[in-house]
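Trainee: Before I ask anything, let me first share the structure, which is written out below as structure tokens.
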Amino acid sequence: MTSILAIDAGTTNIKALLIGPAGNVISKANYALGINYPQPGWVEQSPNELWNGTREAIRSCLQNGPQVRVLAIGISNQRETLVCWRRRDGCPLYPAIVWQCRRSTDICDEWKAAGLARAIQRKTGLQVDPLFPATKIVWLLRNQPEIRTLASRGEVCFGTVDSWLIWNFTGGKVFATDASNASRTQLFNLENASWDKDQLALCGISAQDLPTIFPSNASYGEADLGTGQNVPIRGVLGDSHAALLGHGVAEAGIVKATYGTGSSLMTLTPDVPAEDRRISRTVAWQLDRIRYAYEGNITVTGSGVAWASEFVGAGELESAVSRANSLKNNQGVYFVPALAGLGAPYWNDRARGAIVGLSFATTKEQLVRAAVEAIAFQIADVFRAMEEASKTRLNFLFADGGATRNDWLMQFQADVLQRPVRRSRVPELSGFGAAVAAGQGLGFWSSGPGTTETQSDLFSPKMSEAEAAEVIAEWQKAVEWADTHY
């Protein structure tokens, strides 16, 4: 039997999947990652754990599955997380600065004060925000003398998680990224589809410090799996992009939302999309050609529920969420989870979380309920902004990710959107999308991504438009407070 090995290197877990020609998961394994918070607003991970965890997930996946011939590897990855390593020996020079990290807020403020924000967004498609790797690189060069010295000699590699994995898989022979990941660095020019010289100069680096940009289904070299078998890496995509491909979306007018630690909404556009300050513009993927998309990034969704549950001592997370779902209403309690600033469509990196509507009657479960509702409210905010930016009515939402297993959340999402929600039954959709990209050039799929047509569950709105408008108005009041009181 032949298969594609998919690696989904997320923020909290690394998954390895063996996927067969029918799109079926033959075997899978998971490695849980640690996350460090050394200071308020700082978020870090160990680059060595990212790599060792990937190897362990692969080992378990291959060991637990039947004997198969792996034709290729596909990689999907958490985006915007910056890894910095020494070119000579691949030794990490600093912890990986995770996409959620806010340490470069002051640098963002400098760029805004200098009047650079509009030009940067026009060229790169991205708002000036600590989310993106560009200001993380500037922070490292300013605060780490060893990195600054090595970078001046061309001895440093700056890359996202995909580049770090490719480097290690190939024993340092290949330093590369794909167009989707490159477009999330704030160093990539959307029009030219290459590293932007002005952005490189602003950050104090050169193109040689960054990976070579490949198509998403290019050949990235041979990976040593440690089993005596070398396998070509043939598909690389950012996780949100991979999920869109996994849904089988091929045309504009459809939105997908990935529900994870944070959340991303994405919809394809016919060409480079028009500017909108609320919504990012990005490369969806580069297969036969570059496809562009609008994207809205929400910093805290699933992680906000986990935080709220732990904060109030609600016990085991799944049980706490189940009890919260059973409540008749939220009793007027709203939680704005700006624990690491507000992302799209507000883009306020200094905003902080707020809980409004508390009373003596408020229970632990109601706060957890408010955190679950906040996922749906934030996604609805971005959906509406995306609809306005694209000047197209978006008729329904494709949903994927761990939190979508919550039926109550999916129904509430349909209610506040007043649109149907189609939930994928494929839990590992990002890895699946990376496998689609990897298998395309090999003729692995008999008729392309559509061969693996994703099964889905449909949730239609049950709440009236008036009821939806009422709860949305209350949510907006809470957001306004968090957006202005910091």
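Trainee: For the stretch 2-237, give the magnitude of the charge dipole about the Cα centre (Cβ charges: +1 Lys/Arg, -1 Asp/Glu; no others), in debye to the nearest 20.
Mentor: Once rounded to the nearest 20, the dipole reads 100 debye.
Trainee: Using the crude model of +1 on Lys and Arg Cβ and -1 on Asp and Glu Cβ, and no other charge, please compute the dipole size for the stretch 107-239 relative to its Cα centre, in debye to 20.
Mentor: Its charge dipole is roughly 280 debye.
Trainee: So how do 21-28, 383-390 stack up, highest first, on mean other-Cβ count within 10 Å?
Mentor: 383-390, 21-28
Trainee: Compute the convex hull volume of the Cα atoms of the stretch 2-237, divide it by the residue count, and report the result per residue in Å³ as a whole number.
Mentor: Hull volume normalised by residue count: 115 Å³.
Trainee: Going by how many other Cβ atoms sit within 10 Å of their own, how do THR54, THR227 line up, fewest first?
Mentor: THR227, THR54
Trainee: Amide H of ILE75 versus every other amide H placed in the peptide plane: which residues, excluding those fewer than 5 positions away on the same chain, fall under 5 Å?
Mentor: For ILE75, whose amide H was placed from the backbone, the distant partners under 5 Å are ILE7, GLY235, VAL236, LEU237.
Trainee: If you don't mind, there's one more thing I want to ask. Based on a Kirkwood Rh over C-alpha pairs, give the Stokes-Einstein translational diffusion coefficient of the stretch 338-486 at 20 °C and viscosity 1.002 mPa s in µm²/s.
Mentor: Answer from the Stokes-Einstein relation: 122 µm²/s.
Trainee: Trypsin sites (Lys or Arg not before Pro), restricted to the stretch 54-101: which are DSSP loop and have at most 12 other Cβ atoms within 10 Å?
Mentor: Of the trypsin sites (Lys or Arg not before Pro), the ones in loops of the stretch 54-101 whose Cβ has at most 12 other Cβ atoms within 10 Å are ARG88.
Trainee: Hydropathy first: keep DSSP H helices in the chain averaging at least 0.0 on Kyte-Doolittle, then drop any whose Cα extent along the axis falls short of 18 Å, and list what survives.
Mentor: Both cut-offs are met by 364-390.
Trainee: Can I ask one more? Just need the relative contact order of the chain here, percent rounded to a whole number, with Cα pairs under 8 Å and 6+ apart.
Mentor: Once normalised by length, the contact order is 15 percent.
Trainee: What list do you get for ARG122, ARG291 if you sort them by fewest beta carbons within 10 Å?
Mentor: With the sparsest Cβ surroundings first, the list reads ARG122, ARG291.
Trainee: May I ask you to compute the full-extension gain from GLN144 to ALA469, defined as 0.36 nm times their residue separation minus their alpha-carbon distance, rounded to one decimal in nm?
Mentor: Once the chain is fully extended between GLN144 and ALA469, it gains 112.0 nm.
Trainee: Please list the radius of gyration and Dmax for the stretch 78-160, considering alpha-carbon atoms only, with Å as the unit.
Mentor: Rg and Dmax of the stretch 78-160, Cα atoms, are 13.2, 40 Å.
Trainee: Still on this structure: In the stretch 2-237, what % of DSSP beta bridges are antiparallel (nearest 5)?
Mentor: 65
Trainee: Given the peptides 217-226, 459-468, arrange them by the average over their residues of other C-beta atoms within 10 Å, most packed first.
Mentor: Peptide ranking by packing, descending: 217-226, 459-468.
Trainee: Here is a further query. Ordered by packing density, taken as the mean number of other Cβ atoms within 10 Å over each peptide's residues, highest first, how do 188-195, 367-374 rank?
Mentor: Per-residue mean Cβ counts within 10 Å order the peptides as 367-374, 188-195.
Trainee: Right, another one. Please name which of VAL156, GLN39, SER180 has its Cα lying farthest along the dipole of the stretch 2-237 towards the positive end, using unit charges on Cβ (Lys, Arg +1; Asp, Glu -1) and the Cα centre as origin.
Mentor: SER180
Trainee: For LYS364, give me every one of the lysines with a C-alpha distance below 28 angstrom, ignoring sequence neighbours fewer than eight places off in its own chain.
Mentor: Candidates past the 8-residue exclusion: LYS328, LYS462, LYS477.
Trainee: Also, quick follow-up: Among LEU5, THR362, ALA403, flag the residue with its Cα farthest along the positive direction of the charge dipole of the chain, charges on Cβ as +1 for Lys/Arg and -1 for Asp/Glu.
Mentor: Of the listed residues, the answer is LEU5.
Trainee: Please identify the GluC sites (Glu not before Pro) of the stretch 89-176 that satisfy two criteria: DSSP loop assignment and at most 16 other Cβ atoms within 10 Å. Which are they?
Mentor: Sites meeting the loop and neighbour criteria: GLU155.
Trainee: Report, in listed order, any pair from LYS136/LYS173; LYS112/LYS197; LYS28/LYS123 with a Cα-Cα distance greater than 31 Å.
Mentor: Where the Cα-Cα span goes over 31 Å, the pairs concerned are LYS28/LYS123.
Trainee: Would you mind telling me the antiparallel percentage of the DSSP bridges in the chain, rounded to 5?
Mentor: 65
Trainee: Please state the charge dipole magnitude for the chain, taken about the Cα centre, from unit charges on C-beta atoms (+1 on K and R, -1 on D and E), reported in debye and rounded to the nearest 20.
Mentor: 500
Rule-based calculations on the coordinates, nothing more; no lab input. These numbers were taken from a predicted model, which means no experiment stands behind them. Cβ: placed from backbone, ideal geometry, glycine included. Neighbour counts: every protein chain shown.
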